[in-house]
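Each remark here refers to the structure printed beneath this line.
The values are calculated or read from the model by the stated rules, or taken from the named source; none is laboratory data. Everything quoted here is computed from the prediction, not taken from an experiment. Don't worry about glycine lacking a Cβ; one is built from the backbone with ideal geometry, like all the others, and counts go over all protein chains shown.
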Amino acid sequence: MANRCRCINCITPPHILKRLLENPDSRIRDAALRTLLTTSRLRGERRALGLAAFAAAAPSQGRRTIFDCADSTSIRLATLARTEDGPNSRDDSVNRAFDGLGNTRQFYKQVMDRDSLDGRGMRLAGYVHYGVNYNNAFWDGSEMIFGDGDGVLFTDFTKSLDVIAHELTHGVTEFTAGLEYHNQSGALNESISDVFGSLVKQWAANQTADQADWLIGAEVFTPDIGGDALRSMKAPGTAYNNPTLGRDPQPDQMSKYVHLPDTDDGDNGGVHINSGIPNKAFYLTANGIGGYAWEAPGHIWYAALQASTATMNFQEFADTTYLKAGQLYGSQSSEQQAVLSAWKEVGVPISGVRSLAGTADRMRRQSPVAASNGRDQDEGEVMRQIQLLSGQLATLTKQVASLRSRPH
């Protein structure tokens, strides 16, 4: 795909690692420095390799293979640790990575009817024990990489199912919308991964939306501090607050959007920070609908992702979720109203709702004869016409987004 992301998608935000460079503990400081330097080198390599590095593997029904890097940062030197048909490993990290890849694969197959990341059975490869005290996990466009953490503020990244599903979902995004990894489209890219990372965890635990903790990376982040995480979808900006790391900078409302430089140092325009806004919109949608979040809310977001363009911004994505909710569950349905309310609460009101609602109102007020040119028109026909209007508006939205993405 022309729009596929050529970047390293890491779970640990750069602002956390930079804060750790100031830590008085040399173990923490050195681990953060090594993580930042290694990640920067990997980004440079990926940019140099370009699209060649992202050639899709041959279809293989999502077969899993886990490799052991043995503290090296060269995956070419990694040794085979476990295969789809092989026995369990004696290494817990290998088995956790294997199971996490499997849970994510099964979620997309059973819930979203998607065959692996690319929808065509792409092989899933994972590499554990990457680097020394490496404080990150990432998807590099071809495989999943896990660090062991510094043992003080971070622990083995294979311990968090939502981290594994988050990173693999970057692959799903690459093969669908190809959301560009900067500014609002990049924040959406990160948010989509948080959404489906959390949904995989909730699905595996059979939790309803009100039972879930909506935390990302709680199992691997600050193991000696309870109740915190890398991010909170339920309450962005509250995931952590301590002297070592400072306060979680994520906004939960568009009025608090953080404007950062579109550079590596600026987190590509704050993609790990501003993702809090669409994260909160999904959380509110899921709780507004109730029940299992991977059902109606998850299907609405997945349909919106499939309909998105590479340069989608928050407003365009919000509008798309509203339209998809109408197409999947009916115009003015409780599901669509939950989407409408959620985006409004985070400061991204849906575009064109007033005119669409007015059209529906007028149609309902018309007499059966006038509305159908002499034929009786029941409520079902009215709703079908409203859904047709929603579809037409969705098409126009995509066309406008496409025009905006063309060079002038």
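To keep it simple, each residue is scored yes or no on (1) outside the structural domain of PHE175 (by TED's automatic domain parsing); (2) under 30 Å from GLN306 (Cβ atoms); (3) at pLDDT below 90; (4) assigned to a helix (DSSP H, G or I).
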residue	(1), (2), (3), (4)
ALA2	yes, yes, yes, no
HIS15	no, no, no, yes
ARG19	no, no, no, yes
GLU22	no, no, no, no
ILE28	no, no, no, yes
LEU37	no, no, yes, yes
SER40	no, no, yes, yes
ALA48	no, no, yes, yes
LEU51	no, yes, yes, yes
Quick one: which of ALA318, ALA303, ALA310, ALA286 is assigned to a loop (DSSP other than H, G, I, E, B) and under 17 Å from the mean Cα position of the chain (by Cα)?
ALA310
Considering only segment 146-154, I want to know if a residue exists there that is farther than 27 Å from TRP294 by Cβ, surrounded by fewer than 22 Cβ atoms within 10 Å (Cβ to Cβ) and at pLDDT below 95.
yes
Looking at segment 211-240, which of its residues are of a type in the set (A, V, I, L, M) and not in a loop (DSSP other than H, G, I, E, B)?
LEU215, ILE216
Can you find a residue in segment 60-81 that is outside any strand (DSSP E or B), of a type in the set (Asp, Glu), touching a Lys or Arg at 6+ places or on another chain (Cβ under 7 Å) and at pLDDT 95 or above?
no
When only residues in segment 241-261 that are at pLDDT below 95 and in a loop (DSSP other than H, G, I, E, B) count, which is nearest to the chain's Cα centre (by Cα)?
LEU245
Checking GLY237 against (1) on the phi > 0 side of the Ramachandran plot; (2) touching a residue at least 40 places away in the same chain (Cβ under 8 Å), which single condition isn't satisfied?
(2)
Taking segment 263-283 and keeping residues buried (at least 20 other Cβ atoms within 10 Å of the Cβ) and either in a loop (DSSP other than H, G, I, E, B) or among the charged types (D, E, K, R) (or both) leaves ASP267, SER275, LYS280
Close pairs (7 angstrom Cβ cut-off, 6 or more residues apart or separate chains): surrounded by 19 or more Cβ atoms within 10 Å (Cβ to Cβ) in segment 30-53, at pLDDT 75 or above and acidic (Asp, Glu) anywhere:
ALA31/ASP150
